[in-house]
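For reference, the structure discussed in these notes is given below.
The values are calculated or read from the model by the stated rules, or taken from the named source; none is laboratory data. These numbers were taken from a predicted model, which means no experiment stands behind them. Heads up, the Cβs are rebuilt from the backbone with ideal geometry, glycines too, and the neighbour counts pull from every protein chain shown.
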Amino acid sequence: MKTNIALIGMAGAGKSSVGSELASLLGLAFVDVDILIEEDQGLPLQEVLKASGLQGFRVLEEKILLSLNRQNHVIATGGSAIYSDAGMKHLKKTAYLVLLDVALPVLEQRVGDFAERGLVKEGSQSFAQLFAERQPLYRNHADLIVPCTDRSVADVCRFIQDWWQQGHCTP
């Protein structure tokens, strides 16, 4: 039975902000996969990425995703979680995947200097290239796509809450 909501989307989409507020609104617990990775490694996310490299980080992220066995949670995934087919399949067993869909220019503004953000990307890959690569993956896995570009965190949470309470999910 699905009792979780897992938020997916690009860095800057608001997964952590929306996740925390949404969990409170729905009376669910909240967990952030990026924080679980930091706790597992004892380092800030950017340092974990530097130390493990692209492929090493993806293996670590998948390990954390596969270890999630929670009920009644809102889960904020990392932006690169979408690359793990096994991780997405595991999440889908207990969670509805909700894409926080934000336009590229807004994401770029929110993220700023993405070299310091800890983004999982190929060396010279631009943020726009990363966005173009990930969007079809997010959309393919999403149970719900929430347009977030011109919405506040509170409005996004109310939208998801309405969807959840209209019987699309089993609380």
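Annotation: of all residues in the stretch 42-56 being surrounded by 15 or more Cβ atoms within 10 Å (Cβ to Cβ) and over 19 Å from the mean Cα position of the chain (by Cα), the one that is farthest from residue 125 (Cα to Cα) is 43.
Looking across the stretch 73-104, the residues that are farther than 18 Å from residue 148 by Cα and not in a helix (DSSP H, G or I) come down to 73, 84, 95. A single member of 28, 36 is of a type in the set (A, V, I, L, M, F, W, C), in contact (Cβ under 8 Å) with a residue 12 or more places away in the chain and closer than 16 Å to residue 160 by Cβ, and it is 28.
For the stretch 46-66, the set of residues classified as out of contact with any helix residue (DSSP H, G or I) (no Cβ under 7 Å at 6 or more places or on another chain) and aliphatic (A, V, I, L, M) consists of 51, 54, 59, listed by residue number. Residues in the stretch 73-83 that are at pLDDT 95 or above and not aliphatic (A, V, I, L, M) were compared, and the one that is surrounded by the most Cβ atoms within 10 Å (Cβ to Cβ) is 77. For residue 101, the test of being among the acidic types (Asp, Glu), closer than 19 Å to residue 153 by Cβ, out of contact with any Cys (no Cβ under 7 Å at 6 or more places or on another chain) and touching a residue at least 12 places away in the same chain (Cβ under 8 Å) is failed. Taking the conditions (1) outside any helix (DSSP H, G or I); (2) of a type outside the set (Asp, Glu); (3) in contact with a Cys (Cβ under 7 Å, 6 or more places away or on another chain) in turn, residue 70 satisfies each one other than (3). Residues of the stretch 133-151 that are among the charged types (D, E, K, R), assigned to a helix (DSSP H, G or I) and over 13 Å from the mean Cα position of the chain (by Cα): 133 alone.
Step by step: first the residues of the stretch 18-63, then only those that are among the small types (Gly, Ala, Ser) and outside any helix (DSSP H, G or I), then the one that is nearest to residue 89 (Cα to Cα). Which residue is that? Step through it out loud before you land on a result.
Looking only at the stretch 18-63, we keep the residues that are among the small types (Gly, Ala, Ser), and these are 19-20, 23-24, 27, 29, 42, 51-53, 56.
Those still in the list that are outside any helix (DSSP H, G or I) too: 27, 29, 42.
Details: 27: 25, 29: 21, 42: 27 Å.
The extreme case among them is 29.
Taking the stretch 139-167 as the search range and keeping residues that are acidic (Asp, Glu) and over 26 Å from residue 89 (Cβ atoms), which one is surrounded by the most Cβ atoms within 10 Å (Cβ to Cβ)?
Narrowing the stretch 139-167 to residues acidic (Asp, Glu): 143, 150, 155, 162.
Subset that is over 26 Å from residue 89 (Cβ atoms): 150, 155, 162.
Details: 150: 9, 155: 12, 162: 10.
Only one residue tops the list, namely 155.
Could you list all residues from the stretch 124-146 that are under 14 Å from residue 103 (Cα atoms) and in contact with a Phe, Trp or Tyr (Cβ under 9 Å, 6 or more places away or on another chain)? Within the stretch 124-146, 127, 130, 134, 145, 146 qualify.
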